[in-house]
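For reference, the structure discussed in these notes is given below.
Bear in mind these aren't lab numbers, they're just calculated from the coordinates by the rules spelled out. All values reported here derive from a predicted model rather than from experimental measurement. Counting neighbours? That spans all protein chains shown, and the Cβs are built from the backbone with ideal geometry, glycine included.
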Amino acid sequence: MKRVLALAAAMGLLASVALGASACSKKVEVQTGTKTVCSYGHTVSDDIRTIEVSSDEVALHRVETKTVVCDRHKKLETLYGDAQKAIGAGDLKTAQAKLTEIVAADTGFKMAKSQLDRIKAGQKPAPDSGTGTPSGGSTPKPQNPGDSETSVPSGSLKVWMPDSLTGFTASEPIVDVLTISRTYRPASDSKILTFVIVAEQYRTPKDAAAALDSRIKRQYTKDVDAPTIKGRTVHIGTDGKQFAAAGLTKGSVFVALEMSAKDGAAPKALKSTLVEVLNQLP
Amino acid sequence: MSALLIVVGAAGTFLLTTVMLGQVPDALLAGVGPALALGVAVARYGPGPLVAQAVASRGTLVRVGLAGAVAFWAAPLLVVSQRATDAPPGSETLFFTTVSWSALLVVTVVFHRRTYAPVIALAAAVTGVAGAAGLLANWERPSSFSPFVRYPTEELIMLLAGALFAVATIELLAAAERLGSARVFSAALAWAAVLGAGGIAVDPPALASLERLGTPLLLLGIAHAAFTWGWLLLIERRGPHSAGAAIMLVPVAVTSLAVVERARSVYGANPVHWSPALAAITVLLAAAVVLAFGCGNGPDGGRTSFWSGLRWAFGGRVPLLVRAAAAALSLATVLSVAGLFTPAVAASVRGLAPDGARFSSDWTVLGIESATGWLAVGAALLALSGVVMTAQDGGRSRVRLVLVAALVTVVAAWFLRDTSLYTVTRWMPAEIQQAYGTEYARIRMRGVIEPVRYAALGLTAVAALLALSIRNRPSATADVKEEVAS
């Protein structure tokens, strides 16, 4: 009997050690704070810091990123809007004054510089009828697929997620050998909640096409379109509830873009933004 | 051959059960095997032993029958009742129903004084468990192996089933030694089969499922019966150590299916991290060999105890090499245990929450939560018990076996330095953990070169090599008996 009790005690001790190892509290370093970014690409404020907390408190800490239009760019937007109205009304003098003020503050602001140059050259520029979505300080240039940084697959996949996209602030890409993904934060007044681009390397074009089929065409079956963008067919669709996605293949590479809509917004409305982004990819 | 039956039978039982979970009632999954095993008993021994056992004393009949029912019906039923297709995940289920059962059997064997070298057996068990955990934690990235985190109750019950299985095994072995294996095994399997059939009969879904008895269920029954017979034959012929060693190798057999699959075709990226996995496999093989051949069968017939042997190893009559090895290994053991509470792996998580907030955390995994931490303990214990074994006249080849196993474990610990045994934790936000391996979250683990643990590993390696170099092994049994007597 004593031996059985000792055996039971030993087994109980072993189980306790194992359970204890899985449940022990520990100190964890987490990043916490808020970064406020202007949708024109610069940081407004940043109080992100790394702190050490007990593991029980980890879930309470994260890094929020807010995208706003800073006061300076709000003023520039107002001036720009006034300049476009003046151009439309034929008042090039007023337009020139407004555009000069804009270019002095930010030479890359929308089409201000090019319009000002045309006015100075004695020509009348066309008014900018844009979507109202803020653009970055410089026009994002699509990268050529051949510009790969490394010889490993993830290096060449990175061309599908540029550092800047109109209306979005890029986060750090998440890189694996055969997959790379990047989230883009939309402007805070956008109807988009989240946006991610994923690029995956497959063995054959057939495998990439199968991925397009299973992950985009069969998942996003509503509001379907198949436009030709940059010479290739892109499949765009929604799930009818919250998500809109686009998918394409280039050789053995499968690229997917997925957006989710904020509460109250229809995913169908995100399709035009997807097309705008696709026009900025290679 | 019996060992092969155990490994193949257990692996087949695990895999086929996984396939049929949720489709076939638990009573049926656990009841088919004993029925087939009883058929083999009747075919092997005839009905005579069954009849003889039936007229034996009631007490003996009940004890043997209970042991058989517990080992071959109740324990498997307990395990099946705690399983869903992927909850607990396959890696954890395999860990808690094979190598853990081996360790529990070793503990039971040691407590029943059925081994010459209890410390070696325990060291081999610790090493084997650490090796298996290291192997299963490298099946994929991110790993699904995080024992006792998501399914602690289910996994504790699986361990309880293992403990019951171990105690029942010893009971059957003891009875077989007294009454003969034919009578005992036949009676044990008869009880298991009757209870298994009864379980099916009282479970209407199980009864209805019998009509759908198909090839997978039959194969499961065959696998379970094969394991049962392999187990009984091996414990009878070579002792429970050997059976424990065989079941320790089941994770290796299941992992090898990945090789078979890839040889036939390619299904995308290879999930197994083969470098640490192969290192873990060598540890498992070494631990199994030590358990099977290094511990001996039968009670310690008046030979010296581990502590007496350790005192002898430090004594004045002992060559300097032996004393140095014993001192170094004693220190290594202490350091390796201390190393369980020092940093072993640096972990970091980067992710994106559903609301778009970025998540970033870094923490340290302790030795007790890592493969290397436990491998250091196992290696030090193996080597120390190998040196002490010289006091027990364990035989030169047996001593070398244990010391080489310790060296293999030390080398493997380096390849497993990045392996944490806990990828999933209770405190990490669920939405982040669920996204591991996707574009929304990643987890990285990097081994920490921590002085205490690596000093233990280094000392173990040096001391084991020293001990292996000893040519003229002093005969210590007489010396120690003299000391003990005085």
In nm, the gap between the two label points placed 7 Å beyond Cα toward Cβ at A:SER272 and B:GLN23 is 5.1
Quote to one decimal, in nm, the extra length available between B:ARG446 and B:ALA84 on full extension: 0.36 nm per residue of separation minus the C-alpha distance between them.
127.1 nm
Contact order relative to length of chain B, as percent, for alpha carbon pairs under 8 angstrom and 6 or more apart:
23
If you put +1 on each Lys and Arg Cβ and -1 on each Asp and Glu Cβ, how big is the dipole of chain B around its Cα centre, in Debye rounded to 20?
1220
Nearest-0.05 FRET efficiency for B:VAL202 and A:ASP239 at R0 = 35 Å, using Cβ-Cβ distance, is 0.15
For region B:66-212: rounded, prolate or oblate by the Cα gyration tensor [a/c cutoff 1.5]
oblate
List the aspartates and glutamates whose alpha-carbon lies under 13 Å from that of A:LYS85, not counting same-chain residues fewer than 8 positions away?
A:GLU77, A:ASP128
When a footprinting reagent is the concern and you count Cβ atoms within 10 Å, what order do B:ARG426, B:ARG398 take, fewest first?
B:ARG426, B:ARG398
At a 10 Å Cβ-Cβ cut-off, how would you order A:VAL53, B:VAL184, fewest neighbours first?
A:VAL53, B:VAL184
What distance in nm lies between label points placed 7 Å from Cα along the C-beta direction at A:SER54 and B:PHE314?
4.1
Mind checking which lysines have their Cα closer than 27 Å to the Cα of A:LYS250? Skip sequence neighbours fewer than 8 apart in that chain.
A:LYS141, A:LYS158, A:LYS206, A:LYS217, A:LYS222, A:LYS230, A:LYS268, A:LYS271
Overall form of the protein assembly as shown per C-alpha gyration tensor (a/c, 1.5; a/b vs b/c)
prolate
Working out 0.36 nm times the residue gap between A:THR221 and A:LYS206, then minus their Cα-Cα distance, what length gain in nm do you get to one decimal?
3.3 nm
Do any trypsin sites (Lys or Arg not before Pro) in region A:232-282 lie in a loop, going by DSSP, with at most 16 other beta-carbon atoms within 10 Å of their beta carbon, and if so which?
A:LYS241, A:LYS262
Using DSSP to call loops (not H, G, I, E or B), can you name the trypsin sites (Lys or Arg not before Pro) in region B:108-192 whose Cβ has at most 14 other Cβ atoms within 10 angstrom?
B:ARG113
Towards the positive end of the charge dipole of region A:173-282, with charges on Cβ (+1 Lys, Arg; -1 Asp, Glu), say which of A:ALA261, A:ILE197, A:GLY251 has the farthest Cα.
A:GLY251
Kindly identify chain B as rounded, prolate or oblate by the Cα gyration tensor criterion: order the square roots of the eigenvalues as a ≥ b ≥ c, call it rounded if a/c is under 1.5, otherwise compare a/b with b/c, prolate if a/b is larger, else oblate.
oblate
